[in-house]
Amino acid sequence: MAYEISIRTFLPSDFPQVQEIYQQGIETKNATFETVAPDWEIWDKKFISHPRLVATHNNRLVGWAMLSRVSAREVYSGVCDVSIYIHNEFKEMGVGKKLLNELIIQSEQNNVWTLQAGIFPENIASINLHLKCGFRNVGYREKIGKMYYVLNHSEREYKWRDTILLERRSKKAGI
């Protein structure tokens, strides 16, 4: 079934839906090291101000994509990490590709010359999406971070997780 998907700029009033979609990703345990979606203040500080994009279908928010800086150093000012999340009900319907392609266009307009994504090897759909949108696999990061699991109110355990590092170098920005 084909869905009409629109891409637009994120509005602060979209945050509850963005947070819900992010929490869905967290619950898969294959989208992020986070264990709970942060509140507005933390989330807003994490992502650069533009581009911040959302995908909608019939006025329903069904996905989002944003960038965060990899470093505060000026030499890396055009290098950003990609975050992209799709509502569970809209996966494998082209939402991710449409969002990521628009994120690439707008990132280049904002002088971002390299996009990178660290993706769990188990997240095949996300790896394939990035590869289809011009990213390349540049490495395997073994045990790069600990994923924490809450056992009860006072105990946690963790598991080391690997990531695949993908990047896309712009042919327009930073040349």
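Give me the pairs: first residue in the range 69-94 and more than 16 Å from I21 (Cβ to Cβ), second residue in a loop (DSSP other than H, G, I, E, B), beta-carbon distance under 6 Å, and six or more apart or on different chains, which are they? Short answer, once both residue conditions are applied: Y76/V70; G78/N111; G78/V112; G78/W113; G78/G174; V79/V70; C80/V112; D81/V70. In the range 6-110, counting only helices (runs of 4 or more DSSP H) that sit wholly within it, the ones holding 1 or more residues that are out of contact with any His (no Cβ under 9 Å at 6 or more places or on another chain) and among the basic types (K, R) span 40-46, 95-109. Among residues of the range 158-175 that are at positive phi, those with a beta-carbon under 9 Å from a residue that is at pLDDT 90 or above and in a strand (DSSP E or B) at least six positions away or on a different chain give the pairs G174/T114. Kindly evaluate K46 against the criterion of being closer than 23 Å to V150 by Cα and either in contact (Cβ under 8 Å) with a residue 12 or more places away in the chain or among the hydroxyl-bearing types (S, T, Y) (or both). No, not satisfied.
Within the range 124-131, not a single residue is touching a helix residue (DSSP H, G or I) at 6+ places or on another chain (Cβ under 7 Å) and either among the polar types (S, T, N, Q) or in a loop (DSSP other than H, G, I, E, B) (or both).
The values are calculated or read from the model by the stated rules, or taken from the named source; none is laboratory data. The shown structure was predicted, so the numbers you read here are calculated from the model rather than taken from an experiment. Using ideal geometry, Cβ is built from the backbone for each residue, glycine included, and neighbour counts are taken over all protein chains shown.
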